[in-house]
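Taking it in order: structure first as structure tokens, then the write-up.
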Amino acid sequence: MDAQRFVLPMNGENISVVIGDNVTGHINDEVGRYDTLVFMISRRVEELFGPKIPPLEDYGSSTIKITLNDGESLKTLRNYQRIIKVLVEKKVSRNSLLVYVGGGTVGDLAGFVAATYKRGIRMIAVPTTLLAQVDSSIGGKNGIDFSDVKNVIGTFYNPYLIIDDLEFLKSTPEIIREGMGEVIKYSIIAGGDMFKKVSETNLSNFNDHSADIVKMSIKIKADIVNRDYYDRNGIRSVLNLGHTIAHGIEGASKGQISHGRSVATGMMVEAHIGEKYGNTKPEVIEHIMKLADNYGIERVRISDIGVNNIVRYVSNDKKMAEGYINMPVPAEVGNVITMKVTERMISDGLNTFIREHERK
């Protein structure tokens, strides 16, 4: 496949995006004009894809390699301090380039390092999961966790180049299933061509359409982010579709249920709640369920986790204020609205969802 390259406007900056097979080598084109290359890579990615990542000696500049164990536990002040200490000891100048290769948690930490070291060094993102390619690498948010609060310390900082190498997605269907929760979300938000493309594709033929799906997802998210870059006027909140319930599921399961499954199920529950209170057309939940089935996304059984456990985590959501939360719900495909919901409404919605939609 020939690489697709396009410019993505983002908060007054132009971000270059490259999508295609075997495009990781585009890093070589960028490093020669920098004093030092700081290379942050997921240990798991290196183990799985080492042969397709160009050897560091090929980059033609002084190189520092930092290998990381990915996962939420990576995003700590201690790990941030360790990386900054290495950069200081190696006398890394401001005219240096940070390249990260990995999933969302590696990108979160790398983005925070790039944004804060010497008030900012340039960064290239090489996201290696579908979830990271369509979601976490877009929008400028990065951060680390503190005192059990996710991303409570962070900045807004964009890479100047995003390399979406589709070869990373071909290793296992699980990488696709995990990212499709967010992709289905974009299809429900945008409708139109995006919904049509996602509906016509499935897990078995995803690789034939991956470039289009990744590109369309990126452009949908970027369009929304550009209208609310710093997440202050509520427009960007539409991207939280499915996430109110998903965060409750993830919290109640102590992280044992993945983000992708949680978001897919969260969208179903939120569409059900929207329908229950007269805001969502009945066919919307059926669309979401069919898409999830097409991509092999296993639904979370709410009854197994417990309604009260989920509600307990939702009630601690940072968006909860004055007894209610502003929850995005799909009125129809291509039209997401904000609905004020209370804990009681969420609890009732979860219970009726179990009765009406959980498989025996």
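The values are calculated or read from the model by the stated rules, or taken from the named source; none is laboratory data. Nothing here was measured: the structure is a model prediction, and the numbers come from that model. Cβ: placed from backbone, ideal geometry, glycine included. Neighbour counts: every protein chain shown. Areas reflect the complete protein model, heavy atoms only, side chains present, ligands, DNA and RNA absent. Shrake-Rupley method; radii C 1.70, N 1.55, O 1.52, S 1.80 Å.
The table that follows gives values for the structure above.
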quantity: Kirkwood Rh in Å, taken over all unlike Cα pairs in region 104-143; calculated: 10.2
quantity: Viscosity 0.692 mPa s, temperature 37 °C, Stokes-Einstein D of region 78-187 from Kirkwood C-alpha radius, µm²/s; calculated: 224
quantity: Where N is the number of residues in region 176-263, Cα Rg divided by 2.2 N^0.38 Å; calculated: 1.15
quantity: Cubic angstrom per residue, convex hull over Cα atoms of region 54-103; calculated: 93
quantity: Debye intensity ratio I(q)/I(0), log10, region 119-241, q values 0.18, 0.19 Å⁻¹ (C-alpha model); calculated: -1.03, -1.12
quantity: Rg/Rg_ref, region 256-345, where Rg_ref = 2.2 N^0.38 Å and atoms are Cα; calculated: 1.09
quantity: Alpha carbon convex hull of region 1-134, volume per residue in cubic angstrom; calculated: 119
quantity: Hydrodynamic radius by Kirkwood, which averages 1/r over all alpha carbon pairs of the chain, in angstrom; calculated: 21.0
quantity: Mean shadow area of region 267-319, taken as a quarter of the surface of its Cα convex hull (nm²); calculated: 4.6
quantity: Fraction of alpha-carbon pairs over 19 Å apart in region 117-178 - percent; calculated: 44
quantity: More than 18 angstrom apart: percent of Cα pairs within region 298-353; calculated: 41
quantity: Exposure of S217 as accessible area (Å², to 10), given a probe of 1.4 Å and all protein chains; calculated: 0
quantity: Sequence-separation-based contact order of region 214-360, relative, with Cα cut under 8 Å and 6+ spacing, percent; calculated: 25
quantity: Solvent exposure ordering (accessible area, 1.4 Å, most first) of K118, K75, K254; calculated: K254, K118, K75
quantity: Relative contact order for the chain, counting Cα pairs under 8 Å that sit 6 or more residues apart, in percent; calculated: 14
quantity: Neighbourhood net charge (15 Å Cβ-Cβ; Lys/Arg +1, Asp/Glu -1) for T265; calculated: -3
quantity: Kirkwood Rh in Å, taken over region 206-360 so that all alpha-carbon pairs contribute; calculated: 16.0
quantity: Shape box of region 212-255 [Cα atoms, principal axes, largest first, Å]; calculated: 33, 30, 12
quantity: Alpha-carbon Debye profile of region 20-75, log10 I(q)/I(0) at 0.16, 0.31 Å⁻¹; calculated: -0.55, -1.27
quantity: Relative contact order of region 31-113, pairs being alpha-carbon contacts under 8 Å that are 6 or more residues apart, as %; calculated: 46
quantity: Mean-position separation - Cα centroids, region 185-218 and region 238-276, in angstrom; calculated: 20
